[in-house]
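The values are calculated or read from the model by the stated rules, or taken from the named source; none is laboratory data. Bear in mind that the values here come from a model prediction, so they are computed numbers and not experimental data. Here Cβ is always computed from backbone atoms with ideal geometry, including for glycine, and neighbour counts include all displayed protein chains.
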Ligand code: AMP
């Protein structure tokens, strides 16, 4: 099976790490490598520009590929998202200079908009708009008098602020995705399942703790999630162990609460895979 992976930029390393965490055993590629094999599976990764991944998949040059959802949508390629990969999160936003009177996208009808996403800007902004198709340093366009607004990718928003811009609206939420053809091969569907199980596991931690039996109800009430915690007797009378999966994002808040509720010997371990 062939998978296209971004050859540079911010999606390259997390993509290779995902292939590693999925257990495929990628051979570490050199900076200039065009492809790398995997030790544990009959998978070859081709390193191509993130922008080109949708076309490679659409044309059947590769069985599947990793790129940003923003790129997939901008390219309008006839491909299908097989898995959301949980990294490369950003959003396509429309922004105007701080002092602009524009407060919503309707007020941008007829405006000149600088962007390197012309197709998405036309699709997601109310017509008519005039597009200035720029590549790189899009944020400078309003200050240079080139445009009234910009449409660009934002993650923290600090680049907008640094350039005296204010967000008006989010047009699209994006993250890295695995894409395949409309009718993907069985191998690609299977790989998508493996990637999903890794992505899901990254968002979870396995929690173990001990507690007096009379504190069990209070502790179980704190542990959220769809899966009921396991409660195991300890050799010490009146004590139990509680095991549960918790969202990684809740750890900082939950641990002190659990301690305060009477939990002791709290252990938290990473989860490698989550299936079913
Ligand atoms: P790069 O090759 O480094 O320009 O990465 C481009 C892709 O990374 C974009 O198409 C997005 O999918 C993703 N990305 C994530 N956060 C950002 C961001 N703050 N700015 C630009 N791209 C981002």
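Among the residues making up segment 23-57, those that are farther than 21 Å from residue 10 by Cβ and surrounded by 19 or more Cβ atoms within 10 Å (Cβ to Cβ) are 24, 38, 43. The residues in segment 54-70 that are part of a helix (DSSP H, G or I) and near the ligand (Cβ under 10 Å from one of its atoms) can be counted, and the count is 2. Does at least one position in segment 69-86 carry a residue that is buried (at least 18 other Cβ atoms within 10 Å of the Cβ), on the phi > 0 side of the Ramachandran plot and at pLDDT 95 or above? Scanning segment 69-86 turns up at least one residue that is buried (at least 18 other Cβ atoms within 10 Å of the Cβ), on the phi > 0 side of the Ramachandran plot and at pLDDT 95 or above. Residues of segment 199-251 that are in a strand (DSSP E or B) and free of Cβ contacts under 8 Å to residues at least 24 places away in the same chain: 230, 231, 232, 233. When residue 33 is tested against the conditions (1) in contact (Cβ under 8 Å) with a residue 24 or more places away in the chain; (2) part of a loop (DSSP other than H, G, I, E, B); (3) over 23 Å from residue 197 (Cβ atoms), the lone failure is (1). Regarding residue 177, is this residue touching a residue at least 24 places away in the same chain (Cβ under 8 Å), within 28 Å of residue 13 (Cα to Cα) and either within 16 Å of the ligand (Cβ to nearest atom) or part of a strand (DSSP E or B) (or both)? So residue 177 passes the test. Residues considered: 141, 132, 147, 169. Of these, the only one that is touching a helix residue (DSSP H, G or I) at 6+ places or on another chain (Cβ under 6 Å) and either at pLDDT below 95 or away from the ligand (no atom under 14 Å from the Cβ) (or both) is 169. Looking only at residues of segment 226-245 that are under 31 Å from the mean Cα position of the chain (by Cα) and farther than 15 Å from residue 258 by Cα, we find that the one that is surrounded by the fewest Cβ atoms within 10 Å (Cβ to Cβ) is 226.
Exactly one residue out of 212, 181 is surrounded by fewer than 21 Cβ atoms within 10 Å (Cβ to Cβ) and in contact with a helix residue (DSSP H, G or I) (Cβ under 7 Å, 6 or more places away or on another chain): that is 181.
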